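Reading through the structure tokens given below for one structure.
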Amino acid sequence: MATEKAQAIVLRLVEFSESSFVTTLFTEDFGKVGALAKGARRPKGPFEGALDLLALVRIVLIRKSSDSLDLMTEARLQRRFRSSERELARLYAGYYVAELLSELTEPGDPHRELFRAADATLVALDQDAPVQETTLKFELAALHEVGHLPSLDQCVVCGVEVRGEKRVHFGLTSGGVLCDDCRPGRRGVVSVSSSVIAALREASGGSTSRTLEPAIRGELRAVMNNYFAHLLGHRLKMSEYLGAV
């Protein structure tokens with residue numbers, strides 16, 4: 001059994017005993033891991049209260065070769081997610097980031113760029129960045145990293161450029177925009193305003209300079225919620241709370 005050190009974002013904490021937690025962590029080097037943190041609920045010791053939801057921590061793990069939980073022997077707090085103490089909208093967005101990391105990745109499958117994007121998103125939310133724009137940027141970065149970013153410029157079926165229309169066919173199942181010729185007979189297609197597609201294109205390029213217009217926020221959130229629901233086979237739990245932000 002090897003001992004490893006890693007940076008991690010705390011995704012989930014479950015009380016295991018009077019003194020211990022079962023944790024789900026998204027690490028920079030090992031991806032998503034489950035670990036038993038013995039003694040982590042004690043005020044003193046090798047954890048020092050470091051384990052908190054959405055916190056960035058430096059951990060020491062004893063990796064197990066089987067499907068059993070790893071053993072966390074130490075954790076040092078690097079940054080706590082402070083937004084949870086002052087604004088519900090930012091707390092919901094942080095929980096949504098954690099849910100996406102948990103749902104889009106498999107245990108032991110590292111995604112270093114996704115880890116960095118999640119870390120940067122939590123920092124931005126803590127620094128008063130706009131919630132909806134910051135959340136959207138992370139959603140698209142996560143989809144890109146796991147290979148499910150929707151096609152936003154070319155028809156996902158034939159590859160022809162799709163631009164300029166007031167409304168655009170968007171295939172939730174197909175994975176992106178559709179031209180008029182490829183639309184017939186396809187299921188899971190919604191009509192989306194060109195303004196929403198433009199916002200998605202900009203955010204997928206890493207920009208958050210555009211302030212989302214109130215007129216498109218509801219439609220944009222519905223598109224993203226439904227896209228993830230088709231991709232995962234179920235609705236994300238935090239999606240209904242994001243709609244109220």
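The values are calculated or read from the model by the stated rules, or taken from the named source; none is laboratory data. Since the model is a prediction, treat every value here as computed from it, not as a measurement. When we count neighbours, we look across all protein chains shown, and the Cβ atoms used for this are built from the backbone with ideal geometry, even at glycine. What goes into the accessible areas is simple: the full protein's heavy atoms, side chains included, and nothing from ligands, DNA or RNA. Shrake-Rupley method; radii C 1.70, N 1.55, O 1.52, S 1.80 Å.
A few remarks follow.
- By DSSP, the beta bridges lying fully in the stretch 59-217 are antiparallel in about 95 percent of cases.
- Placing unit charges on the Cβ atoms of the charged side chains and taking the dipole of the stretch 153-245 about its Cα centre, the candidate lying farthest along the positive direction among 158, 189, 225 is 225.
- Averaged over its residues, the chain has an accessible area of 49 Å² per residue, based on protein heavy atoms and a 1.4 Å probe.
- Among the GluC sites (Glu not before Pro) within the stretch 6-66, those in coil by DSSP and having at most 15 neighbouring Cβ atoms inside 10 Å are 18, 48.
- At R0 = 45 Å, FRET efficiency that the Cβ-Cβ distance of residue 166 and residue 113 yields, to 0.05: 0.80
- Distance between the stretch 139-203 and the stretch 80-133 - C-alpha centres, whole angstrom: 25
- Assigned charges on the beta-carbon of Lys, Arg, Asp, Glu; the chain dipole about Cα centre (debye): 340
- Stokes-Einstein translational diffusion, the stretch 121-245 - Kirkwood Rh over all Cα pairs, 0.692 mPa s, 37 °C, in µm²/s: 220
- Cross-link partners of residue 137 among lysines (Cα-Cα below 23 Å; sequence separation of 8 or more within a chain): 32, 237
- Accessible surface of the stretch 106-245 [probe 1.4 Å, protein heavy atoms]: carbon and sulfur percent: 47
- Gain upon complete extension [residue 237, residue 123; 0.36 nm per residue less C-alpha separation]: 38.8 nm
- Per-pair calculated FRET efficiency, R0 = 30 Å: residue 14 and residue 48 via Cβ, rounded to 0.05: 0.90
- Dividing the convex hull volume of the alpha-carbon atoms in the stretch 1-109 by its residue count gives 97 Å³ per residue.
- Multiplying the residue separation of residue 69 and residue 181 by 0.36 nm and removing their Cα-Cα distance gives an extension gain of 35.2 nm.
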